[in-house]
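The values are calculated or read from the model by the stated rules, or taken from the named source; none is laboratory data. These figures come from a predicted structure and were not determined experimentally. Here the Cβ positions follow ideal geometry from the backbone for every residue, glycine too, while neighbour counts run over all protein chains shown. Please note that ligands, DNA and RNA were not included when accessible areas were found on the heavy atoms of the full protein model with its side chains. Shrake-Rupley method; radii C 1.70, N 1.55, O 1.52, S 1.80 Å.
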Amino acid sequence: MNKKIFELNIDDVTKSIKSTEITICIIGIGRIGLPTALSFAKSGLSTVGLDINVDLVQKINSGEFPLKDEPKYDEIFDEVLKNKTFHASTKADQIIPKSDVILLSLPTSMDENNIPDYSALKSVAKQLHELLIPGSLVIVESTIEPGFLENELIPIIDGDDKRLESGKNYGIGVCPETANPGEIMNDFEKLPRLVGGINKKSASIITEIYKHVFPVQLISMPNCKTANAVKLTTNVFRDINIAFINELSILFEKLGIDTNTVLEAAKTKYNFQVHYPGAGVGGPCLPISSYQFLNSANKFDENLLTIIKASRKRNESMPLYVIDMINEVLIKAGKSLKNCSLLILGVSYKPNIKDIQLSPAEIIINKLQDQGATVKIYDPYFKSTTVFGIKTENNLEHALSQVDATILLTAHKEFLEIKPSFLKSTMKSPIVIDTRGVFDVFAAKEAGLVFRSLGRKF
Ligand SMILES: NC(=O)c1ccc[n+]([C@@H]2O[C@H](COP(=O)([O-])OP(=O)(O)OC[C@H]3O[C@@H](n4cnc5c(N)ncnc54)[C@H](O)[C@@H]3O)[C@@H](O)[C@H]2O)c1
């Protein structure tokens, strides 16, 4: 029975939440949506995860937890499946009308021209137009550019038939998701959340619900677009700063200055926030957020936010810079990419997670193969599987003994333990390219490696 939460006064809303009478539907139970759904269910609220991925829904309902790299959620998953506060479904027409709160954790990717792709949100908005019961509440957690909810999403949900009128007979607002993959539980327990509503009532109900589920500070935003602007600002701040450090690391290498040493000293200054150089910036957040902001800016003036354009250009050029590094080292060692066998250490877009979305590793591997190299992959999160069309290695030592050179692309914990002396004694030929500043330069020299490290003098 739908309680029509948007029609209740705020005291009754709070009572209904506390007595766990309201029902939640989370649409999109991927990397972020599933842990979110599990947190809602753990708080006692009856929760359904709705997804179009039939396989995923079947796996979840049969008790298989799909996010092995998300600590602590495996236990909650078992618990909420067992006590029946959570299950997954593909049946939007049955679940949406029964739910008091609909939360959207749908993907927001971009197309081949880097234009934000909001098709999943728009398609679900069409379903909501048909299926949402007046009196319900919609919360958008997906990362969207400021104004998208107000100007594009709401008009689809409302339509023209006056059955649904946002802010009048149903509530809607945002609570942008800020968790870091691999650390979602930790972030859900610590990071403040932003709440914005189409009107005050929507915002107050969202605040009451999140207060019940998450033990964190809830920051009230004046509206939805401001909350979405904050989310993009934090992501793009990182993209720009990484680009800056990538440029500096290229300069420092030419000047014979060690980037790691500079950064370690710089971060002792209270107002310096450290970022590290690398083979590129991937993942479902930083690159897309930059293009979302550019999309917003281009509607007014193409010369706005040129700093983001320049940063994207630098970060997107890093895989090519890495290819040049590899070529130079191989030539020095009397080898060439053609017919060379290479081992890539790490394909995830960032350390300690199993995620290759927009990973720079893909571009690097494709280019190496185009130039005639045979590429092997070792990544502790991708053993006994196929990544980018390559069967991955299971045993690091064995893989190292088989190749002409190795290239570290992701600083997974396991790689921080590797000593250059181990590489020297294990590798068929001791050529090592480190794009993340993981190996100690002096130890590499002492061990007798043929070595190149991004932003560092060897
Ligand atoms: N992954 C992150 O690091 C992260 C962090 C913060 C915010 N976000 C944002 O959260 C949102 C979700 O990201 P994610 O990483 O969880 O994505 P994801 O791709 O892991 O999960 C999205 C899920 O939505 C499902 N889906 C797609 N279209 C659907 C439809 N029409 N109906 C029902 N289900 C549908 C997919 O099958 C998938 O299971 C994005 O906006 C993203 O920017 C992601």
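At a glance:
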read-out: Cα→Cβ-extended label distance, 7 Å offset, between residue 316 and residue 112, nm; value: 1.4 nm
read-out: Extension gain (nm, one decimal) between residue 398 and residue 220, 0.36 nm per residue minus Cα-Cα; value: 58.7 nm
read-out: ³J(HN,Hα) computed for each position of segment 407-415 - Karplus, 6.51 cos²θ - 1.76 cosθ + 1.60, integer Hz, glycine/proline x; value: 10, 8, 10, 10, 8, 4, 3, 4, 6
read-out: Within segment 151-225, trypsin sites (Lys or Arg not before Pro) in DSSP loop having at most 16 other beta-carbon neighbours inside 10 Å; value: 162, 163, 168
read-out: Fraction of accessible area attributable to carbon and sulfur, segment 112-201 (%, probe 1.4 Å); value: 49 percent
read-out: Mean Kyte hydropathy of -0.5 or more with a Cα span along the axis of at least 27 Å, helices from DSSP in the chain; value: 224-255, 306-332
read-out: FRET efficiency, 1/(1 + (r/R0)^6) with R0 35 Å, evaluated for residue 18 and residue 156 via beta carbons; value: 0.55
read-out: Antiparallel %, DSSP beta bridges [both residues in the chain], to 5; value: 10 percent
read-out: Residues with amide H under 5 Å from that of residue 88, placed H, sequence gap 5 or more; value: 49, 61
